[in-house]
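Working notes for the structure below.
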Amino acid sequence: MNIRQLSVHENPPMELLLAADPSQKLVESYVKRGHCFVAESNDQWIGVYILLPTKPQTIEIVNIAVDESHQGQGIGKDLLRHAISTAKTLGYTTIEIGTGNSSIGQLALYQKCGFRIVEVDLNFFLRHYEEEIIENGIRCMDMIRLSQNI
Ligand code: ACO
């Protein structure tokens with residue numbers, strides 16, 4: 001597997017990006033402004049992440065996804081490590097990521113990769129998403145924000 005930055009001439013893998021964020025409007029808006037990286041294997045895109053500068057010195061992983069048939073094999077962890085290392089190389093000192101209160105596996109993964117919970121944005125998903133989101137039998141309502149110094 002190889003992880004590389006997508007060139008401006010390549011179309012981003014929308015299907016994968018929408019697996020991480022069901023809002024096509026939001027994805028289309030940040031995909032243009034961020035750095036998009038893909039994981040490829042046998043000429044197939046099996047993973048993606050997008051880094052978006054948000055504040056001076058701070059960059060956020062606004063989207064990360066692994067193709068369903070390749071999940072649970074460590075690719076998500078590899079993408080997160082790659083994102084952290086890319087952010088460091090670009091000179092950022094803080095990296096952030098956010099996910100819903102119902103995303104139990106993602107919260108586990110991000111903490112295993114060194115992120116700490118720093119904030120809860122109450123009702124974020126009720127304000128920004130029209131469709132109701134249920135995961136692990138839990139209604140997704142609040143954004144859990146995580147951060148790490150790099
Ligand atoms: N409890 C404890 N640990 C858990 C749990 C759980 N319920 N669920 C998962 N994990 C751990 C695994 O044990 C593993 O850790 P380990 O290596 O120490 O065993 C880790 O989380 C999963 O690691 P990977 O195999 O590297 O992850 P994967 O390749 O499956 O990718 C991802 C994870 C990107 C979240 C993938 O499942 C995915 O694409 N999901 C759908 C899209 C999505 O939800 N994206 C994130 C949205 S938030 C955002 O984009 C900012």
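The values are calculated or read from the model by the stated rules, or taken from the named source; none is laboratory data. Here the structure is a predicted model, which is why all the values come from computation and not from measurement. We place every Cβ from the backbone using ideal geometry, glycine too, and count neighbours over all the protein chains shown. When the accessible area is computed, the model is the full protein with side chains, heavy atoms only, and any ligands, DNA or RNA have been set aside. Shrake-Rupley method; radii C 1.70, N 1.55, O 1.52, S 1.80 Å.
Quick one: Gln5 ticks every box in (1) closer than 17 Å to Ser147 by Cα; (2) at pLDDT 95 or above bar one, so which box is it?
Gln5 satisfies every listed condition except (1).
So which of Ile95, Ile75 is closer than 18 Å to Gln148 by Cβ, among the hydrophobic types (A, V, I, L, M, F, W, C) and within 14 Å of the chain's Cα centre (by Cα)?
Selected residue: Ile95, the only one of Ile95, Ile75 that is closer than 18 Å to Gln148 by Cβ, among the hydrophobic types (A, V, I, L, M, F, W, C) and within 14 Å of the chain's Cα centre (by Cα).
Enumerate the pairs (first residue in segment 1-18 and without any contact (Cβ under 8 Å) to a residue 40 or more places away in the chain and on the phi < 0 side of the Ramachandran plot; second residue anywhere and open to solvent by 70 Å² or more (accessible area, probe 1.4 Å) and among the polar types (S, T, N, Q)) with beta-carbon separation below 7 Å, excluding pairs fewer than 6 apart on the same chain, so at least 6 apart or on different chains.
Every condition considered, the pairs that remain are Leu18/Gln24.
Okay, residues lined up against (1) within 26 Å of Leu126 (Cβ to Cβ); (2) in contact with a Gly (Cβ under 6 Å, 6 or more places away or on another chain); (3) at pLDDT 95 or above:
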residue: Leu17; (1), (2), (3): yes, no, yes
residue: Asp21; (1), (2), (3): yes, no, no
residue: Lys25; (1), (2), (3): yes, no, no
residue: Cys36; (1), (2), (3): no, no, yes
residue: Ile50; (1), (2), (3): yes, yes, yes
residue: Thr54; (1), (2), (3): yes, no, yes
residue: Glu60; (1), (2), (3): yes, no, yes
residue: Ile64; (1), (2), (3): yes, no, yes
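Which of the residues spanning segment 69-95 are within 11 Å of the ligand (Cβ to nearest atom) and open to solvent by less than 30 Å² (accessible area, probe 1.4 Å)?
Ile75, Gly76, Leu79, Leu80, Ala83
Okay, residues lined up against (1) among the β-branched types (Val, Ile, Thr); (2) in contact with an Asp or Glu (Cβ under 9 Å, 6 or more places away or on another chain); (3) over 27 Å from Tyr129 (Cα atoms):
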{"position": "Val27", "(1), (2), (3)": "yes, yes, no"}
{"position": "Cys36", "(1), (2), (3)": "no, yes, no"}
{"position": "Asp78", "(1), (2), (3)": "no, no, yes"}
{"position": "His82", "(1), (2), (3)": "no, no, yes"}
{"position": "Ser103", "(1), (2), (3)": "no, yes, no"}
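Go through segment 96-123 and give me each residue that's within 12 Å of the ligand (Cβ to nearest atom) and open to solvent by 40 Å² or more (accessible area, probe 1.4 Å).
Once the filter is applied, which keeps residues that are within 12 Å of the ligand (Cβ to nearest atom) and open to solvent by 40 Å² or more (accessible area, probe 1.4 Å), segment 96-123 yields Ile104, Gly105, Gln106, Ala108, Leu109, Gln111, Lys112.
Specify the residue that is farthest from the ligand (Cβ to nearest atom); the eligible residues are those in segment 38-68 that are surrounded by 20 or more Cβ atoms within 10 Å (Cβ to Cβ) and within 11 Å of Arg4 (Cα to Cα).
Among those that are surrounded by 20 or more Cβ atoms within 10 Å (Cβ to Cβ) and within 11 Å of Arg4 (Cα to Cα), it is Val38.
Answer with yes or no whether Asp43 is in contact with a helix residue (DSSP H, G or I) (Cβ under 7 Å, 6 or more places away or on another chain) and acidic (Asp, Glu). I'd like the intermediate steps shown before the answer.
Details: in contact with a helix residue (DSSP H, G or I) (Cβ under 7 Å, 6 or more places away or on another chain): no; acidic (Asp, Glu): yes.
For Asp43, the condition - in contact with a helix residue (DSSP H, G or I) (Cβ under 7 Å, 6 or more places away or on another chain) and acidic (Asp, Glu) - is not met.
Sort out which residues of segment 5-18 are surrounded by fewer than 17 Cβ atoms within 10 Å (Cβ to Cβ) and within 13 Å of the ligand (Cβ to nearest atom), and write them in order of number.
Glu15, Leu18 - these are the residues of segment 5-18 that are surrounded by fewer than 17 Cβ atoms within 10 Å (Cβ to Cβ) and within 13 Å of the ligand (Cβ to nearest atom).
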